[in-house]
Amino acid sequence: MRKILLTLLLCSQNLLWAQSFDLIPLGVYGGGDESNLSAYLIGEKDKNEFLSLDAGTIRAGIRVAISKNTFDVTDETVLKSYIKGYFISHGHLDHLSGLIINSPEDSKKNIYAFPYVIDVLKNNYFTNASWSNFANEGESPILNKYSYQRLEKNKLQQVENTSLRVTGFELSHGTFSKSAAVLVQNSADEAILYLGDTGADRIEKSENLAILWQHIAPLIKENKLKAIMIEVSFPNKQPETALYGHLTPKLLVEELIKLEKSTGQGRLKNFKIIITHLKPGGDQIEIIKKELHENNPLQLDFIFPIQGQKMVL
């Protein structure tokens with residue numbers, strides 16, 4: 001009987017592992033390096049069916065991934081066949097320029113975004129004056145390659161041609177821009193949370209992060225949330241009046257302390273926090289990393305993704 005129970009336990013554990021995520025960073029920086037801007041491929045492990053979380057750098061990132069043996073196919077295959085759709089958090093170039101530039105060679109697929117992001121794509125990028133309209137709405141001629149799929153706040157939606165489901169949340173990104181987060185769930189109801197650019201609630205005079213933390217707290221308690229991907233753009237020396245809708249190490253920890261109040265004390269120990277959107281320049285990135293490690297009262301596991309290097313979560 002003991003052997004049978006052990007076998008069943010091992011089988012169930014193996015099944016759980018089989019439902020984990022592949023995460024492939026195609027770009028990890030925020031501005032300053034057009035070859036390495038925010039874009040992450042997320043999919044169930046070994047399926048090669050990915051949703052791109054933002055799309056600042058696409059083809060250049062795919063080629064880096066191929067050079068690191070993350071993919072053993074051509075960049076065209078990854079672009080056309082492996083990437084099944086795009087989630088775009090907001091309308092800034094460092095989060096979508098790769099999508100625009102590569103649209104002539106891409107295959108038909110969906111763009112998942114809130115209506116205010118789709119309006120930016122329709123009115124500013126997929127226009128005859130700036131490019132061509134590769135989407136299914138907007139200026140004529142309509143080339144109908146991409147289909148806009150409008151996210152609704154806090155509503156679960158299926159990602160076509162994958163087993164993934166997404167739930168969108170609004171974020172505040174400075175005075176003149178809104179951004180978004182997306183909770184990506186797989187067929188086992190495991191999840192990863194990805195945030196586009198965001199400021200802290202205290203600075204933004206917002207409750208968007210508080211609402212988000214309240215939503216994901218039960219997933220952390222149930223050990224369903226594998227990681228949070230969240231930006232830190234500036235070191236702590238950046239004045240709070242000049243953050244432009246971004247986070248510092250201090251502000252990130254401030255927000256995650258609020259999250260822990262919803263999950264219970266100690267529940268975030270060793271929890272994976274994947275740091276995105278580091279802004280390069282001088283030794284700024286090294287300062288940010290140092291400040292995160294030196295001020296870590298929750299004992300979080302800070303992870304700094306590397307372009308092209310696959311992560312299994």
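Being under 21 Å from the mean Cα position of the chain (by Cα) and surrounded by 14 or more Cβ atoms within 10 Å (Cβ to Cβ) is not true of residue 143. Listed by first and then second residue, the pairs linking a residue in segment 71-85 that is closer than 18 Å to residue 42 by Cβ to a residue that is among the polar types (S, T, N, Q) and assigned to a strand (DSSP E or B), with Cβ atoms under 7 Å apart and 6 or more places separating them unless they lie on different chains, are 83/52; 85/110.
Taking first residues from segment 171-186 that are farther than 13 Å from residue 229 by Cβ and partners that are surrounded by fewer than 20 Cβ atoms within 10 Å (Cβ to Cβ) and β-branched (Val, Ile, Thr), no Cβ contact under 8 Å between residues at least 6 apart in sequence or on separate chains turns up.
When each of 249, 218 is tested for being closer than 19 Å to residue 298 by Cα and surrounded by fewer than 18 Cβ atoms within 10 Å (Cβ to Cβ), the lone residue that passes is 218.
What is the one condition in (1) surrounded by 20 or more Cβ atoms within 10 Å (Cβ to Cβ); (2) among the aromatic types (Phe, Trp, Tyr); (3) farther than 16 Å from residue 180 by Cβ that residue 131 does not satisfy? Result: residue 131 fails condition (1) only.
Can you confirm whether segment 281-297 contains a residue that is touching a Ser or Thr at 6+ places or on another chain (Cβ under 6 Å), buried (at least 21 other Cβ atoms within 10 Å of the Cβ) and under 28 Å from residue 24 (Cα atoms)? The answer is no, given that none of the residues of segment 281-297 is touching a Ser or Thr at 6+ places or on another chain (Cβ under 6 Å), buried (at least 21 other Cβ atoms within 10 Å of the Cβ) and under 28 Å from residue 24 (Cα atoms).
Restricting attention to segment 275-300, the residues that are at negative phi and touching a residue at least 60 places away in the same chain (Cβ under 8 Å) add up to 5. Looking across segment 31-46, the residues that are in a loop (DSSP other than H, G, I, E, B), at pLDDT 95 or above and in contact with a helix residue (DSSP H, G or I) (Cβ under 6 Å, 6 or more places away or on another chain) come down to 35, 38. Tell me, please, whether a residue that is surrounded by fewer than 21 Cβ atoms within 10 Å (Cβ to Cβ) and in a loop (DSSP other than H, G, I, E, B) can be found in segment 83-90. No, every residue in segment 83-90 fails to be surrounded by fewer than 21 Cβ atoms within 10 Å (Cβ to Cβ) and in a loop (DSSP other than H, G, I, E, B). Scanning segment 211-258 for residues that are assigned to a helix (DSSP H, G or I), among the small types (Gly, Ala, Ser) and under 24 Å from residue 156 (Cβ atoms) yields one hit, 217. Scanning segment 221-254 for residues that are closer than 22 Å to residue 167 by Cβ and over 18 Å from the mean Cα position of the chain (by Cα) yields 221, 222, 223. On the stretch given as segment 162-188, residues that are under 20 Å from residue 47 (Cβ atoms) and at pLDDT below 95 total 2.
Have a look at 137, 152, 160 and point out the one that is touching a residue at least 60 places away in the same chain (Cβ under 8 Å) and surrounded by fewer than 18 Cβ atoms within 10 Å (Cβ to Cβ).
160
Checked against the criteria, residue 69 counts as surrounded by fewer than 18 Cβ atoms within 10 Å (Cβ to Cβ), modelled with pLDDT of 95 or more and out of contact with any Phe, Trp or Tyr (no Cβ under 9 Å at 6 or more places or on another chain).
Candidates in segment 259-305 are the residues that are among the polar types (S, T, N, Q) and in a loop (DSSP other than H, G, I, E, B); of these, the one that is farthest from residue 231 (Cα to Cα) is 265. Which of the residues belonging to segment 91-121 are closer than 18 Å to residue 77 by Cα and either charged (D, E, K, R) or assigned to a loop (DSSP other than H, G, I, E, B) (or both)? Across segment 91-121, the qualifying residues are 105, 106, 107, 108, 109.
The values are calculated or read from the model by the stated rules, or taken from the named source; none is laboratory data. Everything quoted here is computed from the prediction, not taken from an experiment. Every residue, glycine as well, gets a Cβ built from its backbone with ideal geometry; the counts of neighbours run over all protein chains shown.
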